[in-house]
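What follows is a set of notes on a single structure, which appears directly below.
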Amino acid sequence: MKNIDSGNHTKGQSVYLDDIPLVAGTLFGAVFSSPIAHGHIEQLYLSEAAQEPGIVRIFTHQDITGENQIGGIIPDEPLLAEHEVDFCGMPIAFVVATSDEAARAAVKKIKVDIKPLPVITDPRVAHAQDQLIVPARTFRLGDTTRAWEQCEYVFEGTTDTNGQEHLYIETQCAYAIPQENGELKIYSSTQSPTAGQRTAARVLGVPMHQLEVDVIRLGGGFGGKEDQANAWVALCALAAHHLRRPVKYVLHRLEDMAMTGKRHPYSSDFKIGLDKDLKIIAYEADFYQNAGAAADLSPAIMERTLFHTTSTYFIPNVRATAFSCRTHLPPNTAFRGFGGPQAKFVMEAAIATAAEKLGVEACVIQKKNLNQTGDEFPFGQKAVSEARACWHKAEELYDVAKLRQEVEAFNTANILYKKGLALMPVCFGISFTNTSMNQARALVHVYYDGSVRVSTGAVEMGQGVNTKMLQVAAQTLSVSPAKVRVQTTSTNRIANTSPSAASATADLNGKAVQLACQAIVQRLKEVAAQVLQASEAAIELRDEQVLLNGQETDLDWKKLVTAAFLKRVSLSEHSHYATPDVYFDKTTEKGHPFAYHVYGTAITTVTVDCLRGTYQVDAVRVVHDFGLSMNPAVDRGQIEGGIVQGIGWMTLEELLYDTAGRLRSNTLSTYKIPDIYSVPKEIAIEPLQTEQDNLAIFRSKAVGEPPFMYGIGTYFALRNAIKAFNPTSPIAFDAPMTPEKVLLGLYPQAATGTQQVHEQQNLRHVAAS
Ligand code: MTE
Ligand code: HPA
Ligand code: MOS
């Protein structure tokens with residue numbers, strides 16, 4: 001089945017928040033934010049701005065009628081700065097005017113005196129100064145201290161992975177419209193309608209039932225709107241609450257890039273030990289997460305990093321410690337993979353280090369250590385593994401031995417171009433790591449003409465979840481997809497939603513839809529049994545027909561629905577689903593946090609231009625564990641998008657904050673994202689269809705995040721190509737592998753000079769103001 005949005009998307013007829021027709025009297029907001037990363041606010045000058053034409057009112061923290069707090073996990077983030085600013089781009093005032101232009105013109109007239117305080121941008125510096133968001137956590141399996149003695153080889157190293165701008169095409173936005181009795185209807189581009197509702201209720205000091213958050217669809221979220229859509233909801237709600245007029249704020253791209261957090265940069269240390277057969281016996285890792293100035297989702301992301309410490313491998317002795325470090329950057333947040341990719345990079349760097357030192361191909365070590373069903377993860381859960389199945393299928397299908405020969409032959413024949421090859425296995429846990437979030441609800445109405453309306457807590461952000469919800473309803477009710485419509489995601493229809501995140505949206509909400517439809521089918525069967533004077537067991541609903549003992553009857557779907565209505569039988573159902581058997585005990589750091597894991601293997605080949613340092617990705621060939629895909633077209637789209645986004649993170653996208661905590665890569669001319677020219681020349685996706693029962697909806701495994709991590713293979717393929725040109729090149733594990741870094745890797749002697757300049761400028765690291 002096609003994505004149900006594809007027609008409207010293609011014709012430009014899909015409605016996003018900024019397309020909603022304006023209510024008469026709508027006002028426009030704009031934020032004045034901190035120009036510096038850390039300091040005491042001494043004086044705020046608003047009067048000049050307030051006199052600008054069209055200005056209705058300027059809101060500061062003093063106007064907050066409830067609590068000036070938007071921190072979800074930890075209450076450490078004011079909506080509007082009071083006495084201190086903690087990051088460059090922190091909102092200080094909210095200007096509301098009769099036009100968008102007027103609001104932004106007034107923002108430029110606001111002045112502020114801030115007494116600067118020391119700025120930290122490096123997580124290791126924050127750690128050294130005890131600036132932790134939450135206490136450090138450690139996951140353990142076996143005993144690494146004793147295991148080092150059994151190791152034939154032990155290697156250590158350090159890695160860095162940079163952050164990543166979400167760059168959803170639709171920027172952050174909200175639109176609050178007053179209703180009667182002090183209520184507000186708030187449109188938001190959020191992955192978490194309930195978080196927006198809860199945050200606004202807290203800031204306004206009103207009960208949640210006074211606020212409705214309604215989400216049509218998102219022009220992309222990628223995690224960036226899981227928590228960070230809340231501020232704009234709260235600001236528009238605050239202004240609308242005071243003024244009793246509609247208030248809308250759509251961030252400009254530069255505002256969005258400067259004010260919102262991104263993927264967490266990590267700096268990490270590893271130690272890996274192998275026996276003489278290249279089995280990994282022991283592994284230790286220390287993760288320094290750059291959380292930014294407030295907790296946001298950082299503790300949960302840090303936890304998912306720990307859950308993915310060993311990536312797709314079984315290692316009997318593990319010790320992994322993670323530190324969430326408070327710096328003066330915008331609070332970093334969820335981004336596809338949610339801390340998992342950062343952990344996987346470190347593991348692959350450790351294997352690459354061992355391989356290089358031992359003079360073997362990394363894939364020899366990778367393959368030997370892939371996990372198998374029954375292997376224990378460091379957090380206690382036992383793997384139900386497809387790791388080896390994916391790897392072996394990829395090796396055979398894409399003939400890795402031949403690919404390797406081709407790469408070697410090419411490299412022998414060419415001096416100025418080198419190819420590199422890398423394999424990247426993926427194993428990603430599905431479920432919110434916070435067990436209580438693994439619940440969802442659905443509301444299904446069958447109207448008496450037989451048409452169907454479905455509401456869930458799922459937010460459509462391009463990943464195709466609405467198409468899947470429609471499929472679940474149509475299939476469970478056995479009606480044509482044309483009979484079913486999926487509604488917007490509204491907190492009035494579905495309460496207490498978990499965010500659409502963790503790749504679990506289709507599973508959680510789809511199961512709820514299935515339960516609701518099953519309940520309705522059950523009632524309809526009872527009605528059919530009465531009408532046909534037969535036993536209920538003999539009745540079946542199939543393709544909008546009522547079958548009796550497998551034979552067609554006069555009763556069809558529409559007649560049956562009408563009959564049920566006349567008999568006063570409910571044609572609506574509100575259902576609740578909670579993932580069974582997931583739990584986690586933080587005191588022991590053990591449990592069974594994931595419903596299941598998704599597996600896969602990617603084979604990446606690249607070609608490096610050794611004169612220029614530029615490169616192209618020749619091919620990414622994947623065997624992916626779909627379970628039993630319920631929508632191969634949608635799922636392939638997720639894999640292609642994930643791969644390209646992962647490659648962007650690993651190669652082009654270079655987030656740059658200066659030592660004063662200011663974002664320098666704040667435009668699309670200075671922040672390079674993948675375009676059509678940088679995507680792989682070939683992407684091959686082969687499903688590993690498994691019949692195995694799992695907790696996925698229709699056994700169709702979650703697909704949103706896992707493919708992102710295939711992109712890590714590109715980093716290691718580039719590294720291998722550089723080594724083919726210059727085998728002794730000391731290349732730091734410092735992602736992204738930009739063309740500049742490739743060039744310095746090819747010619748390290750040239751790098752020494754450049755290195756010194758870099759160190760003087762000290763662009764990425766540290767410093768007091
Ligand atoms: N695909 C598109 N087109 N747009 C998005 O914003 N978000 C990703 C992924 N794929 C995203 C996307 C992220 S971060 C997650 S967690 C999942 O989709 C969320 O949707 P799902 O749970 O339905 O997979
Ligand atoms: N994944 C994604 N988003 C989340 C999670 C998670 O595990 N926990 C809280 N938000
Ligand atoms: Mo995705 S990072 O869980 O929104």
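We did not get these values from a lab; they are worked out from the coordinates using the rules stated. The structure displayed is predicted, hence computed values, not measured ones. As a convention, Cβ positions derive from the backbone with ideal geometry for all residues, glycine included, and neighbour counts pool all protein chains shown.
Under 18 Å between alpha carbons, and skipping anything fewer than 8 positions from LYS115 in its own chain: which aspartates and glutamates qualify?
GLU42, GLU82, GLU84, ASP86
Collect residues whose amide H, placed 1.01 Å from N in the peptide plane, falls under 5 Å from the amide H of VAL134; neighbours closer than 5 in sequence don't count.
The list, which skips near neighbours in sequence, is SER324.
Sorted by mean Cβ packing within 10 Å, highest first, what order do the peptides 514-524, 477-487 take?
Top of the packing list down: 514-524, 477-487.
Between THR670 and LEU44, what is the label-point separation in nm under the 7 Å Cα-to-beta-carbon projection?
Reported label-point gap for LEU44 and THR670 is 2.7 nm.
Modelling each spin label as a point 7 Å along the Cα-to-Cβ direction, I'd like the LEU358/ARG523 distance in nm, to one decimal.
About 6.3 nm, to one decimal.
Based on the mean of other Cβ atoms within 10 Å per residue, sort peptides 193-199, 72-78, 377-383 so the most packed one is first.
193-199, 377-383, 72-78
Which parts of the range 346-376 would a label at THR728 reach, counting a residue when its backbone N lies under 20 Å from a point 7 Å out along Cα-to-Cβ?
353-360
In nm, to one decimal, how far is the TYR583 label point from the ARG244 one, both placed 7 Å along Cα→Cβ?
For TYR583 paired with ARG244, the spin-label model returns 5.3 nm.
Among THR587, THR553, which comes first, then next, by fewest other beta-carbon atoms within 10 Å?
THR587, THR553
What's the center-to-center distance, using Cα atoms, between the range 266-284 and the range 622-661 in Å?
Distance between centres, Cα-based: 27 Å.
Compute the FRET efficiency between GLN689 and GLU101 as 1/(1 + (r/R0)^6), taking r as their Cβ-Cβ distance and R0 = 51 Å, and round to the nearest 0.05.
0.40
Within 10 Å of each residue's Cβ, count the other Cβ atoms and sort ASP693, ASP734 from fewest upward.
Fewest to most other Cβ atoms nearby, the residues stand as ASP693, ASP734.
Cβ neighbours within 10 Å, averaged per peptide: list 666-679, 149-162 in order, most packed at the top. Write out the running numbers ahead of the final one.
Working: 666-679: 13.6, 149-162: 17.2.
The packing order, highest mean first, is 149-162, 666-679.
Whole-Hz ³J(HN,Hα) for each residue in the range 650-661, computed from phi via Karplus 6.51 cos²θ - 1.76 cosθ + 1.60 with θ = phi - 60°, x for glycine and proline: what do you get?
Ordered by residue, 3J(HN,Hα) equals 7, 10, 9, 7, 10, 6, 9, 9, 7, 5, 8, x Hz.
With θ taken as phi - 60° and the coefficients 6.51, -1.76 and 1.60, list the Karplus ³J(HN,Hα) couplings across the range 347-352 in order, rounded to whole Hz; mark glycine and proline as x.
4, 5, 5, 5, 5, 4
So between GLU183 and THR65, what do we pick up on full extension, going 0.36 nm a residue minus the alpha carbon distance?
41.0 nm
What pairs in LYS393/LYS741; LYS344/LYS368; LYS271/LYS418; LYS225/LYS681; LYS2/LYS185 have C-alpha atoms more than 25 Å from each other?
LYS393/LYS741; LYS271/LYS418; LYS225/LYS681; LYS2/LYS185
If I take R0 = 22 Å and measure r between the Cβ atoms of MET1 and PHE565 in this structure, what FRET efficiency does the formula 1/(1 + (r/R0)^6) give, to the nearest 0.05?
Rounded to the nearest 0.05, the efficiency is 0.15.
Per residue of the range 706-719, in order, report the coupling 6.51 cos²θ - 1.76 cosθ + 1.60 (Karplus, θ = phi - 60°) as ³J(HN,Hα) in whole Hz, putting x for Gly and Pro.
Each residue's phi maps through the Karplus curve to give x, x, 3, 6, 4, x, 4, x, 5, 4, 6, 5, 5, 4 Hz.
Report the FRET efficiency, 1/(1 + (r/R0)^6), for GLN13 and SER678, where r is their Cβ-Cβ distance and R0 is 22 Å, rounded to 0.05. Mind showing how you got there, number by number?
Numbers: r = 30 Å, r/R0 = 1.36.
Step by step, r from the Cβ atoms, then E = 0.15.
Pulled fully out, how much extra length does the chain show between ARG253 and ASP130, if you take 0.36 nm times their separation in residues and subtract their Cα-Cα distance?
40.8 nm
What are the residues whose amide H is under 5 Å from the amide H of ASP734, where those residues sit 5 or more places off or on another chain and H is modelled from the backbone?
HN-HN under 5 Å from ASP734: ASP160.
Would you mind classifying the chain by shape? Square roots of the alpha carbon gyration tensor eigenvalues, ordered a ≥ b ≥ c; an a/c under 1.5 is rounded, otherwise it is prolate if a/b is larger than b/c and oblate if not.
Oblate, because a/c is 1.5 or more while a/b does not exceed b/c.
Taking 0.36 nm per residue of sequence separation and subtracting the Cα-Cα distance, how much length would be gained by fully extending the chain between ALA24 and HIS83, in nm to one decimal?
Numbers: separation 59, 0.36 × 59 = 21.24 nm, distance 3.66 nm.
Full extension of this stretch gives 17.6 nm more.
Taking amide hydrogens as modeled 1.01 Å from N in the peptide plane, which residues meet the under 5 Å criterion relative to ILE315, leaving out close sequence neighbours?
Under 5 Å from the amide H of ILE315: no residue qualifies.
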